[in-house]
Every structure is written in structure tokens, then in C-alpha cells.
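A.B. asks: This is the structure I have questions about; it appears just below.
The values are calculated or read from the model by the stated rules, or taken from the named source; none is laboratory data. Keep in mind that this is a model prediction, so the values were computed, not measured. Neighbour counts are summed over all protein chains in view; Cβ atoms, including those assigned to glycine, are modelled from backbone coordinates with ideal geometry.
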Amino acid sequence: MQLQTRFILQAKKQGKKIAVYDITSGNDYTYERILIAALILKAKIEPLQGHYFGIMIPTTAGCHISILATLMAGKVPAMINYSTGAIENCEYAREKCALDFVLTSKKLLQKLNLPQQSWFIYIEDILTSITSLDKIKAALLSKMPAALISRYTHQGSMNDNCVILFTSGSEKTPKAVQLTHKNIWHNVSLLPSYLDMRDYEVFGGTLPLFHVFGLTVTFWMPLLTGYSVVAYSNPLEYKVIVDGIRKYRISVLVGTPTFFAGYLKKAQKGDFDSVRIAITGADKLPEKLRLSYLHQHDVKVMEGYGTTETSPVVSVNNFHFCRFGSIGKAVPGAQVKVVDRETGEEIPAGETGKLLVKGDLVMKGYLGDEEETSLHIRNGWYDTGDMAVIDEDGFIWHKGRLRRFIKVAGEMVSLVRTEEALSKFLDEEVNCCVVGVPDDVKGYHVVAAIDSKDINTREILHKLKKELPAIAVPREIIYIEDIPLMGSGKVNFREVENICREKGKKK
């Protein structure tokens, strides 16, 4: 049973329960209303040519409805990242997926100062084209039993593509990831019980839906399990989000450490009293940030791990199995192992190697790129490209991206380890990033970037020499006013490295 059909069943069950609190529009959408809107939009999308259908809409009820309607119409949504290089990302998606159309919003284009394109379809134009007859038909159909409604919408295999997502491109050119209905359902079906969720949970929908973390955990999971979600179109409006956590009694808060740090800066005592489950992913959770939430707000922030290619959650700490500093144990149905990065042979517990994952959560492959697919998936095992240790108790300890290890004078250096050491000597509100910059003599040298001028860099470098091997100590600490981020909140390492290179040339 595909995900849009599962939503129909849930919508019939939940009826007038609020599915989405839409902060942008100020409207509340019941399950019943979302279903009717999706059926209306489905009829508008269905006649359009093309198997893949681009969607470039912020996290709103409109984006939720668009994804559902696209699947109901028998098309596969390709989610476009509008946070950086929106037009370029659209062009890339059009080439990769042979997209004929991208559904977007005129308001979004105006806000981002983007030019209109001949292949854009505007949600505002669709809304004005909806007739009273369209509404009546959809409303009447929504009153029918779920089985009859499902016959009117597309039906297919769980192995069919459910979405095309594009990797972040923070380290190299993005790839088009094919996630199936089975892939996403693997996460959605097991995580609520694994994380001890209850019937009345309210999710904070702060993540963009072009990112797999947001798409699976704050879109599909709430809507397919009968929960409510508070949708925020801008994840950087930290004060608005914190106010909403208190107002809507949000109980499940997920996001990247960058976003959690932003919420903390704007929060007052009591703002997080409703938060029962708090989980970060996509980047390493700094220990100082975890302790700040614990001591200031009595919130236990737990860390998890996932990738776009694994739908996303591979492992996560929970109330029963939690070891702070780790990324938790593998979720049920996910097999994990660590192998030697040179030989590919599995290595014993406690040793560092490449992390591999197997199970229904692993993607079908990269669209139009059999070579990259074969390089990353062998015998069902997906090579994450991350370095990790699995301890004797099954907890996984993330050691950083393989690409976040560099060779300095022939020795492997972990940039993540240097970041962790550096963060100990910085105030909570100061962000840092460590990159490798090519060096004609040593291969690479380490450079750190921070977003504060009020730092005694000489003193910190002196302290780091006592914490780290000499080759892992940054050659210099560079000030960058705004450290570049991806739309998901992850650091854009490629851009940081480029900035550090340019600043280095000018000296």
C-alpha cells in the first residue's frame, strides 16, 4: 500500500483532528480538509505531462498538500532546494529527472528575488482556477469509504519511487536519490514505537521538505500516524518557532544542532516544558549544547544519524538505550557494520572504519547514475562514506565523514576532532567550522573558521596545542561573519573551504 493510500486511511480515521497548524497562513488544517485539498489539486496535476513533477514550496500546508496530490495523480515529486541557487537547482533537476514543470509560489519568488520561468506552475494560479464544482466533487468524494477514494487515486507498488531528493552538495555535486514508498515506510512504521511516541504528539515542522529529515520525520510520520504538525516556512525564525513551541505545546522537536542552538538563544524558562522528545541529526551534537538544554530547560536532547540515501534514520538514541556522545543503536530492520576503509573487510567492535547499512531503508539508487549507485551499494550494503566505531554494546560512534579526514604530511587528521576540541574554548553562541586547505608541501593544512571577532585566536591556538597532535592544530583561525549553511542547517563545507582559500591567498 503506497503512502498516499495510507494517508487516505488516516484522514478518514482522524477526520476533524488538526493535521497541520500552518504558521505562514495562520490557518489550521484538519485531516479532512487536507484530504479534500489534495483531491482537488490531484485533478489539476493529473493532466500535466511528465512522470516527475518538481515542487519548490516552503514548509507549509500547501507543500504537504502538493506532495500528496502529486502522488495521488500518479507522478513522483522531485523536491527542489530553494535556499541556495534555486534556479540552478531547478535546472539541474529538470536535466536529471526530465522535469516538464515545477510547482512553486509567486510569493516565494518575490521573497527570494527570483525570475519567473516558462516551466513554473504557480500555486496561486491553481487556487484561482478552482471552481465551486471542483470543491463539491472533492468534498463528496472525501465522504466515501477509503477504499472507494483510493480507487480514484493512483495505486502502485511499494517499490515504486515515492520521491526524488537531491543530496546537499555540501562536499561535492548533488545526486538525485530515488526513495521508494517502502524506504520511507520503513522509518515511519517503526520510529513512533521505538521512540515511545504517544497518540497526542505535536511535531515541530521546522525542517524544509526538500531535506529527507524534514520529509520523513516531520511530514510523512505525523500525517501517517495521526499526529499534528506545526509547519514553519522559515527554520531561521528562531523566536517565532520558540513562541510556537510554547503556544502549540509541541512535544516532538527534531532538527540540526544549528537550529537547536538558535532556539536556545531565544528561549525563556518554560518555553520547552511541553517538549518530551528532542532529537538532533545531520551534524554532530556539541556536548555544550546538550548540557545547556539539560541544565537550563530539563530537556534531554538525543542524537541520531541518517543519510538521504537511508530515508533517513539509521540509528538513534531513545529513552531505553541512550549513550550520550553516540548516535545510538541501529533501528530495527537496519543492519550495520564497520569495515576497513582499504580492504572492505568487517572489523571488530571498538575499531574505526567505514559505516555500511543494509535493509528496507536503503534507497533504490541514484537516478540516471548507475556508476555512482554501484560504487555506493554493493550486495545490498550502502556505503555511507562516514567513519564510525560500533562498541561492544551496539552503540555507534560517529567519527566524521571520510571526506572530513585529510592527510597532513602523510597522516590522517580528523577535522571533526579538531572542531570538537576548538568548540571547548568558544562561547555557546560562537559557531566554528574546520576545513582542509591544499598545501604544496604537506598535502593539506588545517584551517578553522569562526563567526566572532571577539576571540583571542592566539590564546586558543596555544590551548589547542595541548589538546591535539601538532598536525591537527589549525594553521590559522579565520573570521567569517556568516558561516555558510545549507537549507537543512548543515554547514556548507565546500563554500567555507573556498572562502578560507581566498582569504589565505590575500595574505
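A.B. asks: Go through the range 1-96 and tell me which strands (runs of 3 or more DSSP E), entirely inside it, have 3 or more residues that are more than 29 Å from Tyr248 (Cα to Cα).
C.D. replies: 52-56, 76-79
A.B. asks: Moving on to the next point. Pick from the range 290-303 the residues that are touching a strand residue (DSSP E or B) at 6+ places or on another chain (Cβ under 7 Å) and part of a helix (DSSP H, G or I): which of them is nearest to Leu426 (Cα to Cα)?
C.D. replies: Of everything passing the filter in the range 290-303, Arg290 is nearest to Leu426 (Cα to Cα).
A.B. asks: Taking the stated definitions as given, is Ala86 at pLDDT below 95 and buried (at least 17 other Cβ atoms within 10 Å of the Cβ)?
C.D. replies: Yes.
A.B. asks: Could you go through the range 158-171 and let me know if any residue there is touching a residue at least 60 places away in the same chain (Cβ under 8 Å), of a type outside the set (Asp, Glu) and either over 26 Å from Thr384 (Cα atoms) or out of contact with any strand residue (DSSP E or B) (no Cβ under 8 Å at 6 or more places or on another chain) (or both).
C.D. replies: yes
A.B. asks: Okay, next question. Suppose the filter is part of a loop (DSSP other than H, G, I, E, B), in contact (Cβ under 8 Å) with a residue 60 or more places away in the chain and closer than 22 Å to Gly15 by Cβ; does Met197 pass it?
C.D. replies: Spelling it out, Met197 is indeed part of a loop (DSSP other than H, G, I, E, B), in contact (Cβ under 8 Å) with a residue 60 or more places away in the chain and closer than 22 Å to Gly15 by Cβ.
A.B. asks: Could you grab me the full set of residues in the range 431-474 that are surrounded by 15 or more Cβ atoms within 10 Å (Cβ to Cβ) and part of a loop (DSSP other than H, G, I, E, B)?
C.D. replies: The answer is Asn431, Lys442, Asp451, Ile455, Leu468, Val473, Pro474.
A.B. asks: Being touching a helix residue (DSSP H, G or I) at 6+ places or on another chain (Cβ under 6 Å), over 21 Å from Pro192 (Cα atoms) and not in a strand (DSSP E or B), is that true of even one residue in the range 278-285?
C.D. replies: Yes, the range 278-285 has at least one match.
A.B. asks: Does Ser251 meet the test of being at pLDDT 90 or above, surrounded by fewer than 23 Cβ atoms within 10 Å (Cβ to Cβ), farther than 29 Å from Gly385 by Cα and within 20 Å of the chain's Cα centre (by Cα)?
C.D. replies: The answer is yes for Ser251.
A.B. asks: Further, regarding this structure: In the range 61-83, which residues are among the β-branched types (Val, Ile, Thr) and modelled with pLDDT under 95?
C.D. replies: Residue satisfying the conditions is Ile80 alone.
A.B. asks: For the structure I just gave you, tell me whether Asn113 is of a type outside the set (Gly, Ala, Ser) and on the phi > 0 side of the Ramachandran plot.
C.D. replies: yes
A.B. asks: With surrounded by 23 or more Cβ atoms within 10 Å (Cβ to Cβ), in contact with a helix residue (DSSP H, G or I) (Cβ under 6 Å, 6 or more places away or on another chain) and among the small types (Gly, Ala, Ser) as the only criterion, which of Gly205, Gly214 stands out?
C.D. replies: After ruling out the rest, the residue left standing is Gly205.
A.B. asks: For the structure I just gave you, tell me whether Ser488 is among the hydroxyl-bearing types (Ser, Thr, Tyr), under 30 Å from Tyr82 (Cα atoms) and at pLDDT below 75.
C.D. replies: Yes, satisfied.
A.B. asks: Count, please, the residues in the range 287-305 that happen to be crowded, with 21+ Cβ neighbours inside 10 Å and either free of Cβ contacts under 8 Å to residues at least 24 places away in the same chain or over 19 Å from Phe203 (Cβ atoms) (or both).
C.D. replies: 2
A.B. asks: Can you report the number of residues in the range 217-268 which are assigned to a loop (DSSP other than H, G, I, E, B) and without any contact (Cβ under 8 Å) to a residue 60 or more places away in the chain?
C.D. replies: Counting residues in the range 217-268 that are assigned to a loop (DSSP other than H, G, I, E, B) and without any contact (Cβ under 8 Å) to a residue 60 or more places away in the chain gives 8.
A.B. asks: Give just the number: which of (1) in contact with a Pro (Cβ under 6 Å, 6 or more places away or on another chain); (2) over 20 Å from Met56 (Cα atoms) does Ile130 not satisfy?
C.D. replies: Condition (1) is where Ile130 drops out.
A.B. asks: OK, next. Surrounded by fewer than 20 Cβ atoms within 10 Å (Cβ to Cβ), in contact with an Asp or Glu (Cβ under 9 Å, 6 or more places away or on another chain) and of a type outside the set (A, V, I, L, M): is that true of Lys266 in this structure?
C.D. replies: Answer is yes for this residue.
A.B. asks: Those residues that are surrounded by fewer than 16 Cβ atoms within 10 Å (Cβ to Cβ) and modelled with pLDDT of 95 or more, I need them from the range 309-334; list them, please.
C.D. replies: Answer for the range 309-334, where residues must be surrounded by fewer than 16 Cβ atoms within 10 Å (Cβ to Cβ) and modelled with pLDDT of 95 or more: there is none.
A.B. asks: Take the residues in the range 307-362 that are hydroxyl-bearing (Ser, Thr, Tyr) and not in a loop (DSSP other than H, G, I, E, B), then tell me which one is nearest to the chain's Cα centre (by Cα).
C.D. replies: Here the answer is Thr308.
A.B. asks: In addition: Which residue pairs have Cβ atoms closer than 7 Å, lie 6 or more positions apart in sequence or on different chains, and pair a first residue in the range 120-135 that is part of a loop (DSSP other than H, G, I, E, B) with a second residue that is surrounded by 12 or more Cβ atoms within 10 Å (Cβ to Cβ)?
C.D. replies: From residues that are part of a loop (DSSP other than H, G, I, E, B), the pairs are Ile130/Ile40.
A.B. asks: Then there's this: For the range 340-398, what are the residues that are surrounded by fewer than 20 Cβ atoms within 10 Å (Cβ to Cβ) and among the small types (Gly, Ala, Ser)?
C.D. replies: Gly344, Ala349, Gly350, Gly365, Gly368, Ser374, Gly380, Gly385, Gly394
A.B. asks: Still on this structure: May I ask you to say which residue of Val447, Val473 is modelled with pLDDT of 80 or more, touching a Pro at 6+ places or on another chain (Cβ under 9 Å) and of a type in the set (A, V, I, L, M, F, W, C)?
C.D. replies: Only one candidate qualifies: Val447.
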